[in-house]
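Remarks on the structure that follows.
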Amino acid sequence: MKDDRRFPRTAETRGPLRTRWRPRPGWRELLTGRSPEALLDRIADGDPLALRDLSAQRIRAASVLVDVDRVHLRALAGVAFEAAAEGPPRKRREVVELVDRVVTEVSEAGPLEGAGPRDLFGTFAGPLELDADALRRACNAFNGCAVAERRAFFELVVERRTLDDAARTLGEDAVRIARNARRALDVALEAAGAPGSAPTREAASPCPGGSATEAGRSGAVEGEDAAVDGATTTEEIAP
């Protein structure tokens, strides 16, 4: 079995897929029909499938820095076209797996060229004292890192956990977690051209072994971090 770099498995997340995704009751009925355009109209209006929330969860699970709106729009289109071709999903996990594929496709494709100043990168570049293009380069380089490096960064920076808490969550040595997080940060800073970055030899190119195209996807739905935006409750995906 190949190492699944996009969807990490930790001591907390092994086992069945867990998520807080809660589509509206009767959501499968919205996916009945043969016109993908009509189905897309149904599921885009009010987001009854809660695909934006699911997109955010799966981005968090993959520990990548991408625009959730971009993932959400592609997921809406993917669900509509697959339902039109094959009928409504028989299991909820089929939708989750589709969103997983979209997350990987978006992260590997990189930021859109010529995106405007009001996109995700334009919004956050100012507070970080970076221009939008530099932030796009940084995020793209970060997404090329191995999962252990991205996951360590997310635990310490995005989730704002202490090093000890991150070590318990990931089941790894605290020193290794700190080194992995720093390696991912160095790669992102180097790509952005930020002053003062001093990447290690290992981080001189996008993190070693981090190519998503090499990653196996066999564990993509076996487990992931269930907490999203501070939520602590989980719900196992049922057929």
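The values are calculated or read from the model by the stated rules, or taken from the named source; none is laboratory data. Everything numeric here is computed off the predicted structure, so don't read it as measured data. Positions of Cβ are generated from backbone atoms using ideal geometry, with glycine treated the same way; all protein chains shown enter the neighbour counts.
Numbers below:
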{"read-out": "Which numbered condition Glu149 misses (of (1) modelled with pLDDT of 90 or more; (2) more than 28 Å from Val102 (Cβ to Cβ))", "value": "(2)"}
{"read-out": "Residue within region 53-60 that is farther than 22 Å from Val157 by Cα and at pLDDT 95 or above present", "value": "no"}
{"read-out": "Selection count, region 18-54, where residues are in a loop (DSSP other than H, G, I, E, B) and basic (Lys, Arg)", "value": "4"}
{"read-out": "Test: Val157 is buried (at least 18 other Cβ atoms within 10 Å of the Cβ) and either out of contact with any Lys or Arg (no Cβ under 9 Å at 6 or more places or on another chain) or modelled with pLDDT of 95 or more (or both)", "value": "no"}
{"read-out": "Residue among Leu54, Leu73 that is under 28 Å from Ala184 (Cβ atoms), free of Cβ contacts under 8 Å to residues at least 24 places away in the same chain, of a type outside the set (Phe, Trp, Tyr) and surrounded by 16 or more Cβ atoms within 10 Å (Cβ to Cβ)", "value": "Leu73"}
